[in-house]
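The values are calculated or read from the model by the stated rules, or taken from the named source; none is laboratory data. Owing to the predicted nature of the structure, the values given are computational and were not obtained by experimental measurement. When we count neighbours, we look across all protein chains shown, and the Cβ atoms used for this are built from the backbone with ideal geometry, even at glycine.
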Amino acid sequence: MDVLEPRGAAGGPAPQRAAMKAALFVGLEGTLVDEPRFGSAIGPIPYVPGAREALSTLARAGFHIVVVANQSGLALGRFSRWEFSRREAKLQQEMQQAGVELGPFVICPHAPGPDGRPACLCRLPAPGLLVRAARSRGLDMASSWIVGSTREEVEAGWRAGCRSVQLQAATCSAPPAAPASASTSVREATRRCADWTTVVHDLLTEPHRVQALP
């Protein structure tokens, strides 16, 4: 897993735009896997219906797949980094068998503040995870999408400069949303999809349609 620890802005020059590629950022719980607490789960991984097949299709179409997630259970002691990494490796192996090469998950390990709002620069809906992944992996945010099941994931996509799909396909109960800042309105998704089949259709039929940020 690629953990964003508290520190200054990532150093080094950004990759040249000519070498950049479109990414598909994917939320974890409720988007890729149909379980609310991935890090502390055991046994077979229950995937959201159609997720593996959809990501295989999108990877073949040229999208670089990146899993992003808040994992405050690490800070709260609900599971260890070793337990999370073991579960991550299992998912990566199963996705590889489906034709999808996943790099390390990009996660925020920090707990929210006492009021439930982010207490760091990387906890979604802050864009830190996406920005770091874009810089380190040479991703073009203007050509990229995020697919998530929560408002935090949608908002993070907007803030990072990519388009968003809110997916409503999982049956698990997602962790409760953090309160929205009184000074920041949570923006709507570019698309809303009831299943991964629709996500694939929308991304492949209009992959370069850009909606201006409000």
**Request:** Have a look at Phe38, Phe25 and point out the one that is in a loop (DSSP other than H, G, I, E, B) and under 20 Å from Gly103 (Cα atoms).
**Result:** Phe38
**Complete:** Note: among Val186, Val210, just one is modelled with pLDDT under 90, within 30 Å of Pro114 (Cβ to Cβ) and of a type outside the set (S, T, N, Q), namely Val186
**Message:** I'm trying to understand the selection: among the residues of segment 73-108, which are farther than 18 Å from Leu32 by Cβ and assigned to a loop (DSSP other than H, G, I, E, B)?
**Reply:** Leu74, Ala75, Leu76, Gly77, Arg78, Ser80
**Prompt:** Does Val131 count as crowded, with 19+ Cβ neighbours inside 10 Å, in contact with a Ser or Thr (Cβ under 7 Å, 6 or more places away or on another chain) and within 27 Å of Ala142 (Cα to Cα)?
**Reply:** no
**Request:** Please specify each residue of segment 109-156 satisfying the condition of being part of a strand (DSSP E or B) and within 11 Å of the chain's Cα centre (by Cα).
**Result:** Trp145, Ile146, Val147, Gly148
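Condition check ((1) out of contact with any Cys (no Cβ under 9 Å at 6 or more places or on another chain); (2) surrounded by 17 or more Cβ atoms within 10 Å (Cβ to Cβ); (3) aliphatic (A, V, I, L, M)) across all residues:
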{"position": "Ser85", "(1), (2), (3)": "yes, no, no"}
{"position": "Leu91", "(1), (2), (3)": "yes, yes, yes"}
{"position": "Met95", "(1), (2), (3)": "yes, yes, yes"}
{"position": "Val100", "(1), (2), (3)": "yes, yes, yes"}
{"position": "Cys122", "(1), (2), (3)": "no, yes, no"}
{"position": "Ser143", "(1), (2), (3)": "no, yes, no"}
{"position": "Trp158", "(1), (2), (3)": "yes, yes, no"}
